Amino acid sequence: MAGQADDQARKAAKYGEADVSVGAGGETHQVAGGQCPVMTTQQGIPVSDDQNSLKVGARGPTLLEDFHFREKMFHFDHERIPERVVHARGFGAHGYFETYEPLTDLTRADLFQRKGEKTPAFVRFSTVAGNKGSADLARDVRGFAVKFYTKEGNWDLVGNNIPVFFIQDAMKFPDMVHAVKQEPDRGFPQAASAHDNFWDFISLSPESMHMIMWVMSDRALPRSFRFMEGFGVHTFRLVNAEGKSTFVKFHWKPKQGLQSVVWNEAVKINGADPDFHRRDLWDAIQAGDFPEWELGLQVFDEAFAEKFAFDVLDATKLIPEEEVPIRPVGRLVLDRTVDNFFAETEQVAFCTQNVVPGVDFSDDPLLQGRNFSYLDTQLKRLGSPNFTHIPINAPQCPMHTFQQDGHMAMRNPKGRVNYEPNSWGVGPRESPDKGFRTYPAPVEGPKLRARPETFSDHYSQARQFYISQTDIEKAHIANAITFELSKVETPAIRSRVVAHLLNIDKGLAETVARQIRLKEMPKPADALKPTRQDLPPSKALSIVQNGPKSFAGRKVGALVTDGVDAGVLDALAAALKAEGVTLKLVAPEVGGVKDSAGAWRDAHEKLEGGPSVLFDAVAILPSKDGAALLAGLPAARDFVADAVAHRKFLGYVADAMPLFEKAGVAAALDEGFVPLKAAADAQAFVAACRKVRFWDRAGAER
Ligand code: HDE
């Protein structure tokens with residue numbers, strides 16, 4: 001635990017941990033529960049009574065001179081800062097990035113110069129549309145924002161878990177965000193794209209069709225942040241010490257594998273645990289199961305950009321991995337939860353403009369617009385140009401500027417000199433060698449408000465994404481669009497969406513049209529360019545084809561009652577532990593159960609609070625009497641029926657059959673049901689679980 005102590009000391013040093021509750025010279029006094037510091041006001045004045053405001057007589061009016069009350073209330077009244085307009089709901093963690101090999105051929109970026117270099121990093125994952133208090137499992141894009149604290153300044157790679165975006169030009173961002181967020185008159189729906197305004201905008205913006213396929217796929221329902229990819233989306237530049245530039249796209253690949261939940265599960269998880277994703281990340285890091293992603297680069301030159309079928313500056317397009325393979329260059333490990341959510345996760349200020357020497361922008365018009373928006377946003381949210389003085393935003397390398405003053409300035413220079421040039425011989429100076437130098441890309445042309453013709457194919461990659469999916473994933477896309485359009489009240493909008501789908505895949509359009517009972521099939525939408533039929537499927541675009549290799553990092557819920565077979569439970573626990581899986585006991589009462597050997601087993605969840613949607617697989621382990629009891633409980637029947645409908649693997653003991661009968665699943669025990677009779681069966685159960693879902697089982701999809 002020495003490491004942990006070091007960690008604490010380091011944090012204390014870094015965050016200037018002057019415990020605000022210690023005042024009055026750090027005096028302590030004995031109270032019930034221990035020796036505690038004396039409470040003070042913000043001015044350090046010891047407080048005698050924190051229970052009662054100062055009044056005239058016990059029943060009289062409160063006095064204005066009660067400075068302790070006034071300060072306490074004043075501070076409370078100002079606790080909130082504006083939430084992010086988008087990505088308001090998020091969750092962050094600390095970690096590091098480790099460079100595999102020097103990338104000196106590609107970039108002079110300091111963090112890529114030395115093998116094994118560890119660069120501190122902070123990551124914030126988020127949903128986009130919902131407000132701060134919304135549920136984690138909304139159908140939505142996820143933000144994947146990484147701040148690298150490099151030795152040459154902070155580099156923010158502010159990405160998403162989807163490699164393309166809705167729009168091509170930043171000019172449309174406010175419209176797109178207005179359309180997806182709650183409608184302005186009614187203030188709902190929150191964190192849901194299933195409403196008229198969103199689909200109205202989308203159906204009038206064919207450029208969004210590729211992104212729509214991703215958002216309607218299971219990518220928008222990640223099992224947790226740990227099981228999703230990240231993408232820088234735009235084309236960026238890397239520039240080496242000789243000034244040579246290469247184009248690059250950034251990818252994060254989760255070591256845990258890809259995994260999503262199904263829609264019916266997402267809806268139920270949002271009720272059972274709206275904090276499902278943040279809790280998952282917190283729990284994993286606290287348990288020492290540090291999630292990890294590999295950073296991969298797709299590197300290409302001008303010649304490739306010229307011959308590629310689409311414009312590399314168009315953020316609604318990706319470059320298939322089959323065309324430009326991904327080169328792994330390092331790993332990101334998240335190994336520390338935050339000490340304070342507000343100080344770190346809420347106040348972290350990502351800016352796409354934060355690049356370091358060796359990384360540069362491309363002319364992607366979306367990226368160019370972002371470079372304005374993020375800095376502007378931070379001033380609004382954090383209230384001062386000094387937001388870089390907040391520890392989470394401060395670089396962890398020396399910095400020297402002549403910028404001064406402003407609200408809450410925490411780094412105040414000493415001495416007389418606050419300008420340059422000066423003849424005092426003090427203060428920082430620019431460095432043509434070490435300093436960031438913009439890649440001198442030649443640009444010329446008339447000033448125009450126009451979209452390049454090379455941005456005008458809106459359907460070909462949408463089709464490529466669709467045909468790259470397995471059948472079950474295709475069905476999920478069709479069902480998602482069906483669900484969303486069923487919430488759209490205006491029939492003309494539904495029809496317009498189907499008109500676009502006809503340009504993507506006729507079968508998909510027909511399925512959706514049937515499932516929403518469209519009276520008349522529309523004509524395909526007018527297309528600037530016909531959909532290319534020659535783009536081959538890309539395996540990398542499917543989740544199911546990129547599943548995990550092991551079941552590690554997952555959670556199994558065991559439904560237990562008094563009399564649970566101690567041998568079976570122990571064997572299961574051992575097999576899961578060996579695989580790196582967490583076992584949670586779900587029991588009729590939270591106090592726990594007595595096993596067959598008479599030993600007490602503490603439960604983690606009461607049945608009604610621990611539905612099977614919270615687990616990746618389940619084990620149904622009641623005793624004979626227990627099964628009879630559970631069969632009468634709706635929550636127990638749902639536990640089983642949902643696990644089956646969501647195509648999870650179920651380990652079970654023979655005594656569970658009466659419950660299976662009542663849950664309506666007894667007649668069809670398929671290979672996804674693994675009997676647990678002897679210890680060896682636990683291994684078979686774990687082996688089955690590595691597939692995560694038993695997709696061959698008929699599920700809830702139509
Ligand atoms: Fe953002 N985006 N965005 N965005 N974005 C914000 O910045 C914006 C875009 C992304 O965890 C805001 O600090 C514009 C693409 C993430 O704190 C704001 C455009 C991608 C986060 C903003 C885009 C992203 C944001 C709101 C179109 C993926 C959360 C609060 C030109 C590559 C970062 C804030 C965090 C946040 C503007 C499009 C990712 C308003 C103008 C494309 C992960 O500045």
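Structure data summary
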{"quantity": "Tally, over the range 134-179, of residues that are over 30 Å from P120 (Cβ atoms), open to solvent by 20 Å² or more (accessible area, probe 1.4 Å) and within 16 Å of the ligand (Cβ to nearest atom)", "calculated": "8"}
{"quantity": "Condition check for Q8: at pLDDT 95 or above, open to solvent by 70 Å² or more (accessible area, probe 1.4 Å) and within 30 Å of E344 (Cβ to Cβ)", "calculated": "no"}
{"quantity": "Residue tally, condition of a type in the set (F, W, Y) and open to solvent by 10 Å² or more (accessible area, probe 1.4 Å), over the range 97-128", "calculated": "1"}
{"quantity": "Residue in the range 392-408 that is farther than 26 Å from W293 by Cβ, in contact (Cβ under 8 Å) with a residue 40 or more places away in the chain and not aliphatic (A, V, I, L, M) present", "calculated": "no"}
{"quantity": "Selection count where residues are in contact (Cβ under 8 Å) with a residue 40 or more places away in the chain and touching a Pro at 6+ places or on another chain (Cβ under 9 Å), scope the range 183-226", "calculated": "5"}
{"quantity": "Residue within the range 180-189 that is more than 27 Å from V355 (Cβ to Cβ), within 14 Å of the ligand (Cβ to nearest atom) and open to solvent by less than 10 Å² (accessible area, probe 1.4 Å) present", "calculated": "no"}
{"quantity": "The range 347-369 residues that are assigned to a strand (DSSP E or B), paired with ones that are more than 8 Å from the ligand (Cβ to nearest atom) (beta carbon under 6 Å, 6 or more apart)", "calculated": "V359/A109; D360/R237; D360/V239; D360/Y439"}
{"quantity": "Selection count, the range 347-376, where residues are open to solvent by less than 20 Å² (accessible area, probe 1.4 Å), more than 12 Å from the ligand (Cβ to nearest atom) and over 15 Å from A170 (Cβ atoms)", "calculated": "5"}
{"quantity": "Only listed residue being under 38 Å from the mean Cα position of the chain (by Cα), in the same structural domain as V359 (by TED's automatic domain parsing), within 16 Å of the ligand (Cβ to nearest atom) and not polar (S, T, N, Q), chosen from A109, A88", "calculated": "A88"}
{"quantity": "Single residue of R336, R331 found to be open to solvent by 30 Å² or more (accessible area, probe 1.4 Å), among the basic types (K, R) and in a strand (DSSP E or B)", "calculated": "R331"}
{"quantity": "Lone unmet requirement of (1) at negative phi; (2) over 30 Å from the mean Cα position of the chain (by Cα); (3) at pLDDT 95 or above for V31", "calculated": "(3)"}
{"quantity": "Strands (runs of 3 or more DSSP E) wholly inside the range 524-629 containing at least 1 residues that are over 33 Å from the mean Cα position of the chain (by Cα)", "calculated": "617-621"}
{"quantity": "Residue match in the range 459-481 (condition: under 18 Å from S217 (Cβ atoms), free of Cβ contacts under 8 Å to residues at least 24 places away in the same chain and open to solvent by 30 Å² or more (accessible area, probe 1.4 Å))", "calculated": "yes"}
{"quantity": "Exclusive hit being among the hydroxyl-bearing types (S, T, Y) and not assigned by TED's automatic domain parsing to the domain that holds A305, set T401, T352", "calculated": "T401"}
{"quantity": "Given (1) open to solvent by 100 Å² or more (accessible area, probe 1.4 Å); (2) touching a Lys or Arg at 6+ places or on another chain (Cβ under 7 Å), number of the condition M408 does not satisfy", "calculated": "(2)"}
{"quantity": "Odd one out for A93 among (1) touching a residue at least 40 places away in the same chain (Cβ under 8 Å); (2) open to solvent by less than 50 Å² (accessible area, probe 1.4 Å); (3) among the small types (G, A, S); (4) outside any strand (DSSP E or B)", "calculated": "(4)"}
{"quantity": "Some residue of the range 132-148 being more than 18 Å from the chain's Cα centre (by Cα) and not acidic (D, E)", "calculated": "no"}
{"quantity": "Scope the range 610-648; condition open to solvent by 40 Å² or more (accessible area, probe 1.4 Å) and under 20 Å from K555 (Cβ atoms); matching residues", "calculated": "D638"}
{"quantity": "Selection count where residues are without any contact (Cβ under 8 Å) to a residue 60 or more places away in the chain, basic (K, R) and either part of a loop (DSSP other than H, G, I, E, B) or open to solvent by less than 20 Å² (accessible area, probe 1.4 Å) (or both), scope the range 305-320", "calculated": "0"}
{"quantity": "Failed item in (1) without any contact (Cβ under 8 Å) to a residue 12 or more places away in the chain; (2) within 12 Å of the ligand (Cβ to nearest atom), with K249 passing the rest", "calculated": "(1)"}
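The values are calculated or read from the model by the stated rules, or taken from the named source; none is laboratory data. In this text the structure is predicted, and so the values were computed from the model without any measurement. Because the Cβ atoms are built from the backbone with ideal geometry, glycine has one as well, and the counts that use them run over all protein chains shown. With ligands, DNA and RNA removed, areas are computed over all heavy atoms of the protein, side chains included. Shrake-Rupley method; radii C 1.70, N 1.55, O 1.52, S 1.80 Å.
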